[in-house]
Amino acid sequence: DTGVSQNPRHKITKRGQNVTFRCDPISEHNRLYWYRQTLGQGPEFLTYFQNEAQLEKSRLLSDRFSAERPKGSFSTLEIQRTEQGDSAMYLCASIYSWGDTSYNEQFFGPGTRLTVL
Amino acid sequence: AQKVTQAQTEISVVEKEDVTLDCVYETRDTTYYLFWYKQPPSGELVFLIRRNSFDEQNEISGRYSWNFQKSTSSFNFTITASQVVDSAVYFCALSGYGQNFVFGPGTRLSVLP
């Protein structure tokens, strides 16, 4: 296991379609984060999981966005009824952490670039 | 609320020049962690350094050095004798109570040969 992987790397879709992205974290990492990054900006936090529990989802951009991590390993991020404004890079990161503060650095995947036509 | 500001949007230097990237943060947490990440043109974020709020010692790693000052809420990053391969976008990030990582907007560094 050499790092965080994300699939697909690129996704082009038409407005109104649903898309799903997958993230496979580093195997021993218990926390998984999703971010969105638009051009010229830093990563914007969306949600995160501690094992299979989604502990923060208020930052998801709308109710069209949802994420799962059913077995505490890989995670999926789904966007329903995509809009052109959803075009961005979607990043996944994983970390081994404990307690209330995330001490360790996050390891990022290469991202999935979404283009909505 | 936590916030990270990187006032320099873009910096251009000529190879071998020294360059400092500024980072100013805001947090009410007493325990927090600061990070720098590099995002090269290939796009994948690469971790550079972590510093906790109780450790104000400056750190040097090769051509990289970091200056953490709690009094001014700053965590600046200096590259000495810059090289073309240092060209990238650099992000400062903050993690405190509540697990979220807050990233700054980034500074795009261009090192010209």
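The values are calculated or read from the model by the stated rules, or taken from the named source; none is laboratory data. A quick note: this is a predicted structure, and the numbers were derived from the prediction, not measured. Positions of Cβ are backbone-derived with ideal geometry, glycine not excepted, and every protein chain shown enters the neighbour counts.
Residues of the stretch B:23-81 that are over 23 Å from A:MET89 (Cβ atoms), β-branched (Val, Ile, Thr) and more than 11 Å from the chain's Cα centre (by Cα): B:THR27, B:THR30, B:THR31, B:ILE60, B:THR72, B:THR80. Would you check if B:TYR64 is closer than 30 Å to A:SER58 by Cβ and touching a Leu at 6+ places or on another chain (Cβ under 8 Å)? It is false that B:TYR64 is closer than 30 Å to A:SER58 by Cβ and touching a Leu at 6+ places or on another chain (Cβ under 8 Å).
Restricted to strands (runs of 3 or more DSSP E) entirely inside the stretch B:31-79, those with at least 1 residues that are surrounded by fewer than 16 Cβ atoms within 10 Å (Cβ to Cβ) and not polar (S, T, N, Q) are B:46-52, B:59-61. Pick from the stretch B:25-43 the residues that are modelled with pLDDT of 90 or more and farther than 15 Å from B:PHE101 by Cα: which of them is nearest to the other protein chains (Cβ to nearest Cβ)? So, considering only residues that are modelled with pLDDT of 90 or more and farther than 15 Å from B:PHE101 by Cα, the one nearest to the other protein chains (Cβ to nearest Cβ) is B:GLN39. Residues in the stretch A:75-84 include none that are modelled with pLDDT under 90 and of a type outside the set (A, V, I, L, M, F, W, C). Here the condition is being more than 26 Å from B:CYS92 (Cβ to Cβ) and in contact with a Ser or Thr (Cβ under 8 Å, 6 or more places away or on another chain); of A:SER87, A:SER66, A:SER73, A:SER62, it holds for A:SER73 alone. For the stretch B:82-113, the tally of residues that are in a strand (DSSP E or B) and either at pLDDT 95 or above or under 15 Å from the mean Cα position of the chain (by Cα) (or both) stands at 17.
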